[in-house]
Amino acid sequence: MSQAVLISVLDMIKKMLQNDEPYDKILDFIDKSTRDVQLQALREQIIKCTACEIHNCNHTPFTGNIYSEIMFVGEGPGTEEEKQGVPFVGPAGQLFNKMLDALAQQVHPRWAREKVFISNVVKCWPKSDDPHRTVRQPTTKEIAACKAFLDKEIELIRPRVIICVGSVAASVLIHPNFKMTEEHGRFFGDDPKLIAIYHPSYILRRGEETDEGVELKIQCWNDLLAVNDFLEKNSTETQTHG
Ligand code: URA
């Protein structure tokens, strides 16, 4: 933590105490500030990581609201994500963003991109050797090398729901033999709840406007509506979040 940040946090606590703010509010502020600092440190560790063979790239850490109840976990960065160092900003990201925009406008503002937390199983670009593809699935070794980062993110964010985007994330976080066609939209675990949706890259490969692509998008939409229903009943979020 920089000295300036430390001073402003301590100053804020002092003011809250002087104003006789409720004890819970002060504790909540300390808790959020601590998580904030730990996530900054984690981001720096991710950026410097050399733990596996694909580390020689522009690392792509998490993005979004660190106090969100909703955490999306994708597979790994592609070309555009690697360039910008931000998850889901390439072609798949654009489809992902369209879905979030529609949910935020039509269902609940909690779905706006800046209100959710977005990460990936691996933080480095698994570059493909295949001339027809720019990205490949991360290997078991690459996933294992990055897993501690993902675990720490989940511990610090404390989401109510983790949405696995695609079968790689689902097989890492839900169970190793995850079958998207049979198990998407199903809730697993307790706290956090886990659910998986089709990956937007998969939808793009099948043709976004084909009958199949449209059907896959409808399934994603329904799966996300199920998450929204869950949050309607279980959200503890207050207006101060995000
Ligand atoms: N696909 C992913 O799984 N993650 C990204 O960040 C981009 C594309």
(message) Return the residues of segment 86-111 that are open to solvent by 20 Å² or more (accessible area, probe 1.4 Å) and not in a loop (DSSP other than H, G, I, E, B); say none if nothing qualifies.
(response) Pro91, Gln94, Asn97, Lys98, Met99, Asp101, Ala102, Ala104, Gln105, Gln106, Pro109, Arg110
(request) Quick one: Thr238 ticks every box in (1) modelled with pLDDT under 95; (2) within 24 Å of Gly90 (Cα to Cα) except a single one, so which number is it? (result) (2)
(request) May I ask you to say which residue of Leu103, Leu39, Leu17 is more than 16 Å from the ligand (Cβ to nearest atom), among the aliphatic types (A, V, I, L, M) and free of Cβ contacts under 8 Å to residues at least 12 places away in the same chain? (result) Leu17
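Take the conditions over 21 Å from Cys220 (Cα atoms), among the β-branched types (Val, Ile, Thr) and in contact (Cβ under 8 Å) with a residue 24 or more places away in the chain and apply them to Ile157. Does it pass? Let's see the steps before the verdict.
Working: over 21 Å from Cys220 (Cα atoms): yes; among the β-branched types (Val, Ile, Thr): yes; in contact (Cβ under 8 Å) with a residue 24 or more places away in the chain: yes.
Answer is yes for this residue.
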(request) Take segment 42-76 and flag every residue that is closer than 24 Å to Val5 by Cβ, open to solvent by 40 Å² or more (accessible area, probe 1.4 Å) and away from the ligand (no atom under 16 Å from the Cβ). (result) Glu44, Gln45, Lys48, Tyr67
(request) State whether one or more residues within segment 226-241 are exposed (fewer than 12 other Cβ atoms within 10 Å of the Cβ), away from the ligand (no atom under 15 Å from the Cβ) and of a type in the set (Lys, Arg). (result) yes
(message) Among the residues of segment 112-125, what is the count of those that are more than 10 Å from the ligand (Cβ to nearest atom) and either in a loop (DSSP other than H, G, I, E, B) or open to solvent by less than 10 Å² (accessible area, probe 1.4 Å) (or both)?
(response) 4
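The values are calculated or read from the model by the stated rules, or taken from the named source; none is laboratory data. For clarity, every value in this text was computed on a predicted model and none was experimentally measured. Every residue, glycine among them, receives a Cβ derived from its backbone with ideal geometry; neighbour counts consider all protein chains shown. Just the protein is used for accessible areas: all its heavy atoms, side chains included, with ligands, DNA and RNA removed. Shrake-Rupley method; radii C 1.70, N 1.55, O 1.52, S 1.80 Å.
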